[in-house]
1. If a residue has to be over 17 Å from the mean Cα position of the chain (by Cα), open to solvent by less than 40 Å² (accessible area, probe 1.4 Å) and not small (Gly, Ala, Ser) to count, how many in region 176-201 make the cut?
2. Under 8 Å between Cβ atoms, which residue pairs at least 6 apart in sequence (or on different chains) link something in region 218-238 that is acidic (Asp, Glu) with a partner that is outside any loop (DSSP other than H, G, I, E, B)?
3. Of all residues in region 11-41, how many are open to solvent by less than 30 Å² (accessible area, probe 1.4 Å) and not in a helix (DSSP H, G or I)?
4. Does THR271 fit the bill of being open to solvent by 30 Å² or more (accessible area, probe 1.4 Å) and outside any helix (DSSP H, G or I)?
5. Out of everything in region 202-232 that is charged (D, E, K, R) and within 30 Å of PRO121 (Cβ to Cβ), what residue ends up being least open to solvent (accessible area, probe 1.4 Å)?
6. Sort out which residues of region 239-268 are loosely packed, with under 15 Cβ neighbours inside 10 Å, at pLDDT 95 or above and in a loop (DSSP other than H, G, I, E, B), and write them in order of number.
7. Can you pull out every residue in region 12-38 that is of a type in the set (Gly, Ala, Ser) and within 23 Å of the chain's Cα centre (by Cα)?
8. Kindly indicate whether VAL128 is of a type in the set (A, V, I, L, M, F, W, C), assigned to a helix (DSSP H, G or I) and either modelled with pLDDT under 95 or closer than 20 Å to GLN10 by Cβ (or both).
Amino acid sequence: MTLIHVFPGQGSHRPGIGRDLFPKFPHLVRQADSVLGHSVTQLCLSASAEELSDTRNTQTAMYVVDALSYLDAVRETGEVPDVVAGHSLGEYAALFAAGTFDFLTGLEIVVRRGELMSRAPEGSLAAVMGVGHDRVREVLAEELPEVDVANLNAPEQTVVSGPRPAVAKLKEVFGGEAKAVVSLPVGGAFHSRYMARAAEEFGKFLTQYRLASPRLEVISNVTARPYGTDDPAELLTRQITSPVRWVETVEHLLQRPEPEFREIGPGQVLTGLVSQIRTRHRSLSHTA
């Protein structure tokens, strides 16, 4: 069996996350509070949905809860994963699990990431459902060239990113072709060209850290392949403007012996995506 831990990112946040975890790790919660300058417990348990959806808050909350969820899972089961992967912000929890940085260093980096991304030009994301990735790219190229593909989440689920007025036209552009076009509760055009300035500043910020090569195998959102021995900072910088290649990531991991995926963190979003990708993978294997 190959044990694979996957960590969710923005989109899995909701008021109340971490409720059962914070009492188990009081020392780490206090350390997080000292970095943030406010209570992470109050942020997760008492903030409104609108406050928690501010990317500066979402990213720090999700990192803390994902990281504590990993520590709790290992402590409860005694099992360390063979491979880890995270969706967007979740990749930071995966790298924490792999020893690339300690808990507080990861939090410092995530805080800066959230600050820089929040300053980017206003934009939004939407999920196009029921249409293949290639067709989504074709339609965007023809009808909405200012919109980028942000997340390749499932065989027929593509998240796109761009200026709000352009993203608002998606339902009209896809018409009856898409099963649904769903706006996502985020405040920026993440994983798109509009994050270039944020990525540039983030890359400069990371030069002050010496990030270790992962001790566990970590699959990169940018390449859908394992991190190598090079400094992880390059891939983390590129991740801000690059699409999250989740379908390719899961397909790569499905090649491992008896892969068992466990979602570590709030919600079951990634579990559902993995199920869709696995079903398509089996179908293609049977027809090959």
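1. Going through region 176-201 one residue at a time, the tally reaches 1.
2. GLU234/GLY203
3. Going through region 11-41 one residue at a time, the tally reaches 7.
4. no
5. ASP231
6. Listed by number, the residues that qualify are GLN255, PRO257, GLU258, GLN268.
7. The answer is SER12, GLY16, GLY18, ALA32.
8. no
The values are calculated or read from the model by the stated rules, or taken from the named source; none is laboratory data. Computed from a prediction, not measured in an experiment: that's the story for all the values here. Backbone-built Cβ (ideal geometry, glycine too); neighbour counts: all protein chains shown. The protein model used for the area step is the full one, side chains on, heavy atoms only, and it has no ligands, DNA or RNA in it. Shrake-Rupley method; radii C 1.70, N 1.55, O 1.52, S 1.80 Å.
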